[in-house]
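Single-structure report; data block below.
The values are calculated or read from the model by the stated rules, or taken from the named source; none is laboratory data. Just so you know, these numbers come straight off a predicted model, no measurement behind them. Glycine also receives a Cβ, built like all others from the backbone with ideal geometry; neighbour counts cover every protein chain displayed.
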Amino acid sequence: MFRKTFEGNEVVFVIRDVIEVRIPRKVYEKYSRRYSDEEIITYCEHKNIYNHITKRRMYYITKESGIPLIGHTAFGLIDRGTNLIQVRPCSGCNLNCIFCSVDEGISKTRVTDYMIDPDYILEEFEKLAEFKRRHCKGVKIEAHIDGQGEPFIYPYMVDLIKRLKDIADIVSVQTNGTLLDEKKISELEGYLDRINLSINSLDGKKAKLLAGRADYDIDHVKSIAKEIADSEIDLLIAPVWVPKYNDGDIMEILEFGKRIGAGRIWKPFGVQKYIKYRFGRHPKGAKIISFRDFYSRLREIDRNLILSPRDFGIVKCRSLPKRFKIGERVKLRLEMHGRIKGEMIGIARDRVIQVTATNKKIGEVVNVRITRNQHNIYVATPV
Ligand code: SF4
């Protein structure tokens, strides 16, 4: 499951096409006299781990690492007070969409990726699902795999989905579809209930432009869409409408979706509004429209394009208790680099906390003030 190459003074292992482990050649040569490559990859302390796709430093988070899985938007579990739990097993994307809200793929702003060991995320998911079932009798628990990136770069995705289905009532995933094939779709039948597939244009040239990659193949994604629609997995097509870029394409995408039979169980489309985020990408000349305009345009096309949580069986369900109040001063130890330069991640009271605007290093203890605690996602600034 791994490739090995020698690059300069390093030995490079690429595991399952995404986890890149680099070990100094001298260290490798010493260890290789007594240990197998698998043992060296697992136990060598002198290794550096990267995301092979994005080329960023990557943390592989296991239970033993002691990093909690609640508190951050880039990895772990997110509980927004409903019966749906967002599952984020990794960050990182194989595309480079010009409108990406999290500047994913090859990025100017993102400096770190995270990946969670499947056993660990499943164990934590089960605890959260149990909490929800205890407090909201009779609700269906949905595990929704999404994230800051493309979930199918996660090398244990099929295993994760199958095991999530043992715990949750519904398992759904968001994907750009590029890494799916016929075999994977048929393997996931019976386990995965819905795929939210992003398609932003059916025109080959424009689709490449929007995806930010010359090798993006819309014909492959279209054939994947048909394959899903013909399978037991429900298909929801989710284009991002970027005014001035793909205005005319949205209607074509809707017609395509209807033709292939998207949305047999849930709604067939989830048109998303392009939003200009501070750390996202902004395509030149894209028009920003208000939510009011956006919804009224959708209504003009088809009232069914306006979605509500009810359409997906999403109901309110007690959240995990918050561990910090806004304004609270907390002393914490910095454990990992943050997603963006100048950010670090600290741990306290079984939560991860994103510390912004800091030049402190890993291992340092800092005093911070909590500035965000919504949905148990914590952001703090140094005091
Ligand atoms: S597929 Fe999604 S996460 Fe990846 S670059 Fe495009 S918008 Fe961003």
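Only one entry in Gly147, Gly190, Gly138 is away from the ligand (no atom under 13 Å from the Cβ), over 19 Å from Leu235 (Cβ atoms) and in the same structural domain as Ser223 (by TED's automatic domain parsing), namely Gly138.
The criterion of being away from the ligand (no atom under 15 Å from the Cβ), buried (at least 19 other Cβ atoms within 10 Å of the Cβ) and either among the aromatic types (Phe, Trp, Tyr) or not assigned by TED's automatic domain parsing to the domain that holds Asn196 (or both) holds for Phe125. Kindly provide the set of residues from the range 28-55 that are closer than 23 Å to Met336 by Cβ and surrounded by 12 or more Cβ atoms within 10 Å (Cβ to Cβ), ordered by number. Of everything in the range 28-55, those that are closer than 23 Å to Met336 by Cβ and surrounded by 12 or more Cβ atoms within 10 Å (Cβ to Cβ) turn out to be Ile41, Cys44, His46, Lys47, Asn48, Ile49, Tyr50, Asn51, His52, Ile53, Thr54, Lys55. Tell me, please, whether a residue that is outside the structural domain of Gly149 (by TED's automatic domain parsing), touching an Asp or Glu at 6+ places or on another chain (Cβ under 8 Å) and in a strand (DSSP E or B) can be found in the range 310-331. For the range 310-331, residues outside the structural domain of Gly149 (by TED's automatic domain parsing), touching an Asp or Glu at 6+ places or on another chain (Cβ under 8 Å) and in a strand (DSSP E or B): absent. Can you give me the number of residues within the range 57-67 that are in a loop (DSSP other than H, G, I, E, B) and crowded, with 20+ Cβ neighbours inside 10 Å? Residues that pass the stated criteria total 1. Criterion first (in a loop (DSSP other than H, G, I, E, B) and of a type outside the set (Phe, Trp, Tyr)) does Gly342 satisfy it? So Gly342 fits the description; yes.
Within this structure, Gly71 passes the test of being in contact (Cβ under 8 Å) with a residue 60 or more places away in the chain, at positive phi and more than 16 Å from the ligand (Cβ to nearest atom). Determine whether Asn367 is without any contact (Cβ under 8 Å) to a residue 60 or more places away in the chain and not aromatic (Phe, Trp, Tyr). So Asn367 fits the description; yes.
Has the range 267-274 got at least one residue that is in the same structural domain as Phe152 (by TED's automatic domain parsing) and surrounded by fewer than 15 Cβ atoms within 10 Å (Cβ to Cβ)? So far as the range 267-274 goes, no, none of its residues is in the same structural domain as Phe152 (by TED's automatic domain parsing) and surrounded by fewer than 15 Cβ atoms within 10 Å (Cβ to Cβ).
When the range 212-245 is examined, which residues are found to be under 26 Å from Asp193 (Cβ atoms), among the hydrophobic types (A, V, I, L, M, F, W, C) and within 16 Å of the ligand (Cβ to nearest atom)?
We begin by selecting, within the range 212-245, every residue under 26 Å from Asp193 (Cβ atoms); these are 218, 220-241.
Now restrict to residues that are among the hydrophobic types (A, V, I, L, M, F, W, C): 218, 221, 224-225, 228-229, 233, 235-238, 240-241.
Within the range 212-245, Ile218, Val221, Ile224, Ala225, Leu236, Ile237, Ala238, Val240, Trp241 qualify.
Can you name every residue in the range 74-84 that is buried (at least 24 other Cβ atoms within 10 Å of the Cβ) and either within 16 Å of the ligand (Cβ to nearest atom) or not assigned by TED's automatic domain parsing to the domain that holds Asp217 (or both)? Phe75, the sole residue that qualifies.
The numbered conditions (1) in a loop (DSSP other than H, G, I, E, B); (2) of a type outside the set (S, T, N, Q); (3) touching a helix residue (DSSP H, G or I) at 6+ places or on another chain (Cβ under 8 Å); (4) within 16 Å of the ligand (Cβ to nearest atom) are all true for Val87 except (1).
Out of Ile53, Ile106, I need the residue that is at pLDDT below 95 and either of a type in the set (A, V, I, L, M, F, W, C) or touching a Phe, Trp or Tyr at 6+ places or on another chain (Cβ under 9 Å) (or both). Which one?
On the way: Ile53 fails: at pLDDT below 95.
Result of the check over Ile53, Ile106: Ile106.
Looking only at residues in the range 112-167 that are basic (Lys, Arg) and assigned to a helix (DSSP H, G or I), the one that is farthest from Phe99 (Cα to Cα) is Arg134.
Could you check the range 2-11 and list, in sequence order, the residues that are on the phi < 0 side of the Ramachandran plot and surrounded by fewer than 20 Cβ atoms within 10 Å (Cβ to Cβ)? Matches in the range 2-11: Phe2, Arg3, Lys4, Thr5, Phe6, Glu7, Asn9, Glu10. Counting only helices (runs of 4 or more DSSP H) wholly contained in the range 184-278, the ones carrying 3 or more residues that are more than 20 Å from the chain's Cα centre (by Cα) and among the aliphatic types (A, V, I, L, M) occupy 218-229, 247-260.
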